[in-house]
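Structure, as structure tokens:
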Amino acid sequence: MRRRDIALLVVGIGIALLLPRVLYSALALRIVLWALFAVSVDLLLGYGGMLSFGHAAFWGAGGYAAALLAKSFQLPFPVAAVGGIAVAMALALPIGYLAIRRRGIYFAMVTLAFAQMLFYVVNELRDLTGGENGVQGVPKILPGISVGRTADFYYAALPLVFLGLFIAYRIVHSPFGHVLVSIRDNEARAQALGYPTQRYKLIAFVLSGGLAGLAGSLFAIGNSFASLELLHWTTSGSAVLMTVLGGMGTLWGGGIGAAIVLLLEDSLSSVTEAPGVVTGAILIASVLGFRRGLAPALQGAALRVWDRLRAERAARQV
Amino acid sequence: MKRVLVLAMIAAVVTAACGAAAPTGGASASPAQVKLNDGKLVIGVINDQSLVYADLSGKNAVEAVKMAVEDFKAKYGENALGGPVEVITADHQNKPDLASSKAQEFYERNNADIILDVPTSSAALAIAKVANDQKKLYINITAATTDLTGANCNKYTFHYAYDTFMLAAGTGKWVTENLGKQWYIIYPNYAFGQDMEKSFRGAVTKFGGTVIQSDGSPFPNTSGDFSQLLVKAGQLKPQILGVMQAGGDLVNVVKQYNQFKLGDQGIKLAIGLLFDTDITAVGQDQMAGVVYTTPWVWSMDDQSKQFADKFLKRTGIRPTFAHAGNYSAAWQYMEAIRRAGTDDADAVVKQLEGYKFSDFFIRNGNIRAEDHWVMHDALLAQVKPSSEAKEKFDYSKVLGTIPAETASRPLADAGCKK
Amino acid sequence: MDLAYVFIQLFNGLVNGAFYALLSLGLAIIFGVLRIVNFAHGAVYMLGAFGAYLLLQQWSVGFWPALVLAPVGVALLAIVVERLFLRRLYGLDPLYGFLLTFGLTLFLQDAMRLRFGIQGQPYPTPEELAASVSLGPVSYPVYRLFVIVFSLIVCAVTWYVIERTRLGMVVRAATERGELTRALGIDVDRWVTGVFAIGIALAALAGVLAAPMRNVAPLMGSELIILTFAVVVIGGLGSIVGAVAAGFLIGVLASLGAVFNPAFENVIVFALMAVVLLVRPAGLFGSREAS
């Protein structure tokens, strides 16, 4: 791993450990889990060039599956999360297969529509899912450790979150990831070079769905319930917003985007009457202004400062 | 002898004066005796301030609570509660996870002693769990689900203004007895709608009517189109069309009911849950004649009009029952603190349980110890045509009262195990 | 199952289909010239309905003039937005347009909510159309029949203009071979703005038609837009005929399906979309892939 990445990792871990102290634990938990969700979206969008506007399907499927497993079988939450990931990936396979038959904007609309279908289906199966009320009373279990309080759950879940982020990182910095980027840049060329591009795209989709499922599983268990909100298209929209805001194609940008959007939502909740106006305006400004997102802009600014410092130091040594 | 008589008279006068000075409703602690746990009383109001219920409760419900605090201090003195009182609020946007998160923040970070309001059943239930975990008080005013005093009841949760049982007991009974016995019920196919259908079916059957059929409409309803069910009603030709849809769905149903001229065909409309905001959206005259049940109407008597006038001056609108309910609940909570002498949750719960009272919002009130449902009289109201309205928000007149016993679900059916 | 009842449901299906058709048509047209998928199409529909409401409320302008004035007003507004924002995204990946219009949707819906509240505003059925007509055993509102007929006429006129007139020819040339068209001295940009305005006007018109029948509220278009996306995927995004045909078809299918199982109504559109994607990925009427 490059030195810069290690530095980022240390900073990231530090922030993650301190977050519940600075904010309050429920908000901190939401930020790190949405960050993982946004990263899963960025994996497809920034590196695969595929905008999925229906990723709430996997976040939600993972959430419901984990919640039901934890509640029905009193499973420890990491085990329930594995179940959630499995369900999310199983769902991502057929959806991805159908969706990648279209490209670009069509792909986005198709994923959006499938997620909406899942929303209605889950609503219908209300004997299983509780419909509007959702699955309530989901226990937080870890053998030997009490994780009932949100603050405790946060630290217990953090390793899993980092595992997910690490997996995303490894996917991106791997031969698979490089091929994915080349498909994004020029699919025809990649095909000409002999790569089965559809298969790569499908694998990326399923992996991304699994990560979203992990995040969703932890989210549902952390909240002690799973509700239809998890599957609504506005949830997909929020994840995309965070990715675009933070920076497409930079994994950690998703984290920044998540933090900004959730902090805004939290503070706006007590202040303004129009969260949508502000969020919408920010998104419009992002798309027009920082088209590459805040992370690269920040990164660029940081690099310029760093370069100037180095140049000054070199000048002084002369 | 004369001295004894004079002493006795003085004693009698002094006793009478003391008795007159004490406020009604039982013994109260004098200000110096209320000791707050952390020196401060924090009241949290969590509701929908940007979506479906924003007009019904929303920011103005917070104003109502603030009014209650101010009036309480005016009555009992600045130090009535043994310390400063703070009202904090958050918008849950009808999202149960946001509601749960905010409730935790309020109880943990802001040391909130109580949370009020909370519309939307899923959010209401989520906060009930948080309140129980945190062992702090929660009085729900604006959600309808009977689960708050049933499957999800707990020691710290109280259900104040209305529930689906009350609505059915009122409207179901009166309409069956006075307007028609053959019902066709349509309802939104989710927990609230199913709850309403069950309650209404029970009430209609109990009072001598029959439900020919009931059909659920998909929820959420994407198209806003209810023509399929309305055409079916036109075919079945019941005497009464019972509509359990709420909010925007209800507006669509009524608009389309009028378009299909079902009223002209002798099919009368009975609405399960009706708010003033719905009447505004459809139009008062389009809803004229509709009968519904409500805990309170602002124009019902002088006490209520007094409150409504104060509210109008402060917020520019007439209060809905949610606004009035928040004021009343906040007031009764503060009274309970004075009786308990502390804001400690367990002590206040003891003071609330079994408490009987009346104020402008609650008549013949009794807070049941077993399930924490606040029994009280409900009202049967009817929407009047705009020609009879004395001012802009004068929508309804009161037809009758439903006594508390009839309006409350029998304990045996509740299924509450605290 | 009563056959007459099913027959009536057919009409209900056509009414819903009319809305899908008008919205999909506008979406397809805008995509055709701008290569932007307008996420804000549902918000435009909502603005059309509010336009009708405001015209009535503030200036006592009735339904019939509103059918023209509201779409024109909303289209003018949209042109301003196009000049200011959308123009910057031409030539870029359509994804950006999608995201920008998504942001616009959030903004518009919340702004309207701030101004008007969430619950909805009253709008009456126009006097002339308030009667009912006997269709078999059921009395059916004339207004609904009007919606069906009027929408069909509008769709037919639009089709004719695009496929058979000079304006349409220029538009088609501009969308398929923009550079070449410019080289021939035709001011493509002006035509593009015009056609964009037509696409917007169609959605706003649908909103005006909806006002007497549906709750005029800020979120009235928010679920409808997702359905519209599914409809255009089924019909084929590049195809005018496809958008209209798919719209009516789906409206009818959903209504008939709902007779057997009410829950069907929501799910059928997406299930159909899945089938179409498997069998004919370009859409029922689509000929080439839009990217």
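Do the sum for the protein assembly as shown: with -39,500 (n - 2.57) for every DSSP H run of n ≥ 4, divided by all residues, what is the mean residue ellipticity at 222 nm, to the nearest 500 deg cm²/dmol? Numbers along the way, then the final one.
Working: 40 runs with 620 residues, N = 1027.
After summing the helix terms and dividing by residue count, I get -20000 deg cm²/dmol.
Mean separation of Cα pairs under 8 Å and 6+ residues apart, divided by the residue count of the stretch A:3-232: what relative contact order is that in percent?
Relative CO of the stretch A:3-232 lands at 40 percent.
Could you run the Karplus curve 6.51 cos²θ - 1.76 cosθ + 1.60 with θ = phi - 60° over the stretch B:306-313 and give me ³J(HN,Hα) per residue in whole Hz, x for Gly and Pro?
These are the phi-based 3J(HN,Hα) values: 4, 4, 5, 5, 4, 5, 4, 5 Hz.
Express as a percent, rounded to the nearest 5, the fraction of DSSP beta bridges in the protein assembly as shown (both residues included) that run antiparallel. Please report the intermediate quantities before stating the final value.
Values: 21 of 57 bridges.
The antiparallel proportion sits near 35 percent.
How would you order A:31-43, C:45-57, C:248-260 from highest to lowest mean count of nearby Cβ atoms within 10 Å?
A:31-43, C:45-57, C:248-260
Relative contact order for chain B: what percent, with Cα pairs under 8 Å and sequence separation of 6 or more? Spell out each step's value before the answer.
Values: 821 pairs, mean separation 73.6, N = 418.
Once normalised by length, the contact order is 18 percent.
Using the Cβ atoms and a cut-off under 9 Å, what net charge is assigned to the surroundings of B:R409, where Lys and Arg are +1 and Asp and Glu are -1?
So the surrounding residues net to -3.
Expressed as a whole percentage, what fraction of the accessible surface of the protein assembly as shown belongs to carbon and sulfur atoms when a 1.4 Å probe is rolled over the protein heavy atoms?
On the way: 23540 of 38330 Å².
Of the solvent-accessible surface of the protein assembly as shown, carbon and sulfur hold 61 percent.
How much accessible surface does B:F165 have with a 1.4 Å probe, in Å² rounded to 10?
Spelled out: B:F165, probe radius 1.4 Å, area about 50 Å².
Report, as an integer, the average count of C-beta atoms from other chains found within 10 Å of each Cβ along A:131-141.
Details: counts 8, 14, 12, 6, 0, 9, 4, 0, 0, 0, 0.
Mean shielding by partner chains, rounded to a whole number: 5.
Can you give the accessible area buried between chains C and A, summed over both chains, with a 1.4 Å probe, in Å² to the nearest 100? Mind showing how you got there, number by number?
On the way: alone 14370 and 15910 Å², together 26230 Å².
Chains C and A together bury approximately 4100 Å².
Considering every residue in C:12-23, what mean count of other chain Cβ atoms within 10 Å of its Cβ is obtained?
Working: counts 7, 3, 0, 3, 6, 0, 0, 3, 1, 0, 0, 0.
For peptide C:12-23, the averaged partner shielding equals 2.
Given a 1.4 Å probe and no ligands, DNA or RNA in the count, how much accessible surface is buried by C and B, both sides, to the nearest 100 Å²?
In total, chains C and B hide about 3000 Å² from solvent.
Rounded to the nearest whole Å², what accessible area per residue is found for chain B with the 1.4 Å probe?
35
If the cut-off is a Cα-Cα distance under 20 Å, which lysines reach B:K237, setting aside same-chain residues fewer than 8 apart in sequence?
B:K181, B:K255, B:K261, B:K268
In the structure displayed, which of B:K102/B:K129; B:K73/B:K313; B:K73/B:K95; B:K59/B:K417; B:K95/B:K136; B:K310/B:K350 lie more than 24 Å apart, Cα to Cα?
B:K73/B:K95; B:K59/B:K417; B:K310/B:K350
Could you give the Stokes-Einstein D for the stretch A:158-237 in µm² per second, using the C-alpha Kirkwood radius, 10 °C, 1.306 mPa s?
The calculation lands on 109 µm²/s.
Step through the residues of the stretch B:381-388 one at a time and calculate ³J(HN,Hα) from phi using the Karplus curve (6.51 cos²θ - 1.76 cosθ + 1.60, θ = phi - 60°), rounding each to whole Hz and writing x for Gly and Pro.
Once rounded to whole Hz, the list reads 10, 9, 6, 9, x, 4, 5, 8.
With no solvent and one point per C-alpha, what does the Debye sum give as log10 I(q)/I(0) for the protein assembly as shown at q = 0.04, 0.08, 0.10 Å⁻¹?
So the normalised log intensities are -0.21, -0.83, -1.27.
Place the peptides C:25-34, A:155-164, A:193-202 in order of packing, highest mean first, counting for every residue the other Cβ atoms within 10 Å and averaging per peptide.
On the way: C:25-34: 25.3, A:155-164: 18.1, A:193-202: 15.1.
So the peptides C:25-34, A:155-164, A:193-202, ranked by packing, come out C:25-34, A:155-164, A:193-202.
In the full protein assembly as shown, how much of A:F73 is accessible to a 1.4 Å probe, in Å² to the nearest 10?
140
Report the full-extension gain for the segment B:A347 to B:K417: residue separation times 0.36 nm, less the Cα-Cα distance, to one decimal in nm.
Length gained between B:A347 and B:K417: 23.2 nm.
Return the lysines within reach of B:K397: Cα separation strictly under 16 angstrom, same-chain partners fewer than 8 residues apart disregarded; answer none if there are no such residues.
Output for B:K397: B:K305, B:K384.
Within chain B, which is the longest segment containing none of the GluC sites (Glu not before Pro) that sit in a DSSP loop and have at most 14 other Cβ atoms within 10 Å?
On the way: sites that count: B:E78, B:E370, B:E391.
Free of exposed loop sites, the longest segment is B:79-369.
Please report the equivalent ellipsoid semi-axes of the stretch C:13-220, computed as sqrt(5 x eigenvalue) of the Cα gyration tensor, largest first, in whole Å. It would help to have the intermediate numbers written out before the result.
Working: eigenvalues 198, 89, 39 Å².
They are 31, 21, 14 Å, listed from largest to smallest.
Mind listing, in residue-number order, the residues in the stretch A:225-243 that have at least 50 Å² less accessible area with every protein chain present than in their own chain alone (1.4 Å probe)?
For the stretch A:225-243, once contacts with the other chains are taken into account, A:F225, A:E229, A:W233 lose 50 Å² or more.
Considering only protein heavy atoms, what per residue accessible area in square angstrom results for the stretch C:13-220 with a 1.4 angstrom probe?
For the stretch C:13-220, the per-residue accessible area is 38 Å².
Please report, to two decimal places, log10 I(q)/I(0) for chain B at q = 0.06, 0.12 Å⁻¹ as given by the Debye formula with identical point scatterers on the Cα atoms and no solvent.
At q = 0.06, 0.12 Å⁻¹ the computed log10 ratios are -0.26, -0.95.
Using the per-residue mean of other Cβ atoms lying within 10 Å as a proxy for protection, in what order, highest first, do the peptides B:152-164, A:45-57 fall?
Ranked from most to least packed, the peptides come out as A:45-57, B:152-164.
Net charge near A:L262, counting Lys/Arg +1 and Asp/Glu -1 over other residues with Cβ under 15 Å of its Cβ?
Counting the neighbours of A:L262, the net charge comes to -3.
Provide the convex hull volume over Cα atoms per residue for the stretch B:223-313, in Å³.
In the stretch B:223-313, the Cα hull volume divided by residue count equals 106 Å³.
Find out how many positive minus negative residues lie around B:V348, taking Lys and Arg as positive, Asp and Glu as negative, among other residues whose Cβ is under 13 Å from that of B:V348.
That works out to +1.
Averaging the inverse of every distinct alpha carbon separation and then flipping it gives the Kirkwood radius. What is it for the stretch C:67-107, in angstrom units?
One over the average 1/r among Cα pairs gives 11.2 Å for the stretch C:67-107.
Using a 10 Å cut-off around each Cβ of peptide B:229-235, what is the average number of partner chain Cβ atoms that fall inside?
5
The values are calculated or read from the model by the stated rules, or taken from the named source; none is laboratory data. Note that the coordinates shown come from a computational prediction; the quantities given were computed from them, not determined experimentally. In this analysis, Cβ positions are derived from the backbone assuming ideal geometry, glycine residues included, and neighbour counts consider all displayed protein chains. Side chains are part of the model used for accessible areas, which takes the heavy atoms of the whole protein and leaves out ligands, DNA and RNA. Shrake-Rupley method; radii C 1.70, N 1.55, O 1.52, S 1.80 Å.
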